[in-house]
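The values are calculated or read from the model by the stated rules, or taken from the named source; none is laboratory data. All of these numbers come straight from a predicted model, not from anything done at the bench. Positions of Cβ are backbone-derived with ideal geometry, glycine not excepted, and every protein chain shown enters the neighbour counts. Remember, those area values only see protein heavy atoms, side chains included, never the ligands or the DNA or RNA. Shrake-Rupley method; radii C 1.70, N 1.55, O 1.52, S 1.80 Å.
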Amino acid sequence: MTTASSRPTVNSDMGEGIGLHRFGNDPELMEVVDLANIACGFHAGDPDIMSATVASAAAHGVRIGAHPSLPDQWGFGRRAMVLTPEEVESLVRYQVGALTGFLLQHGAPLHHLKPHGSLYGMVARDPALMEPVAKVAADHGVAVLGLAGTAHESVCAERGVPFVAELYVDLDYDAEGGLIIQRTPHATDPRAAAERVTRALTTGRIAAVDGTELPVRFDSVCVHSDAPGAPAVARAVREALDAHAAAG
């Protein structure tokens with residue numbers, strides 16, 4: 001799928017299944033999104049699912065990123081761990097390497113890297129842990145997706161790694177601007193998602209869960225594939241982005 005350069009992209013975490021089990025709405029979302037963040041086996045994804053997801057994304061013209069996680073299938077990568085920077089580098093490098101094998105198989109390039117779940121939050125808060133993530137991205141010559149104003153952005157800037165700031169529409173933000181990660185996904189009202197995007201585009205602000213007004217900068221909107229009604233949310237977000245671009 002192609003996207004107008006004048007509007008933010010829509011991205012989604014995909015390939016999140018194991019064996020016969022599938023947890024996302026990937027087939028429908030492939031028709032809507034611009035970027036696919038593909039699970040690399042540590043929180044979800046197995047070789048067959050990774051290969052099939054890469055093939056589908058390539059067929060739809062969706063740009064492909066690695067979505068490395070903590071080694072925690074039981075908790076779906078949503079439980080924090082105590083890790084050294086060296087351990088983070090090994091985890092990320094291993095998983096990105098696995099995905100690149102399937103990219104080679106299907107003739108698709110690696111476009112970006114986006115940590116998953118608790119790893120995403122850990123490296124956002126700790127520049128020492130973010131360093132190896134940016135290092136792996138630099139080695140592959142790709143961008144990192146993350147939160148503006150966190151170590152995601154600052155470390156990428158220091159290392160000269162392209163950075164793509166994200167807005168989330170199916171997760172709540174706390175008063176400090178951090179994401180509130182739930183153990184299980186919940187349904188999001190597509191209209192509320194579209195309203196958050198439109199407000200962020202027009203005012204540069206969103207509301208935290210307690211009502212605090214938060215400044216926000218973003219280049220891409222994430223819609224999680226495993227949440228109920230994800231395709232409808234993604235379509236509503238895309239329509240809001242397109243409407244704002246057309247009006248501008």
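So which trypsin sites (Lys or Arg not before Pro) in region 49-100 pass both tests, a DSSP loop state and at most 12 other Cβ atoms within 10 Å of the Cβ?
Loop-located and lightly packed - none at all.
Please give the per residue volume of the convex hull enclosing the alpha carbon atoms of region 36-79, rounded to a whole number of Å³.
54 Å³
Mind checking which helices in the chain clear 15 Å along their axis (Cα) and have mean Kyte-Doolittle hydropathy of 0.0 or more, DSSP H runs only?
Answer set is 47-60, 85-106, 127-140, 230-247.
If you split all Cα-Cα distances of region 11-60 into 5 Å bins from zero, what percentages do you get per bin, shortest first?
Pair shares across the bins are 5, 26, 37, 22, 9, 1.
Quick check of the Kirkwood formula: for region 17-136, what is the inverse mean of 1/r over all pairs of different Cα atoms, in Å?
Kirkwood radius, region 17-136: 14.4 Å.
How big is region 115-238 on each of its three principal axes, counting only the C-alpha atoms and giving the largest first in Å?
Rounded to whole Å, the extents work out to 39, 28, 26 Å.
Report the local net charge at residue 69: Lys and Arg +1, Asp and Glu -1, summed over other residues whose C-beta lies under 14 Å from its C-beta.
-2
Compute the orientation-averaged projected area for the chain from the convex hull of its Cα atoms and round it to one decimal in nm².
12.0 nm²
What figure in square angstrom, to the nearest 10, would you give for the accessible area of residue 81 with a 1.4 Å probe?
70 Å²
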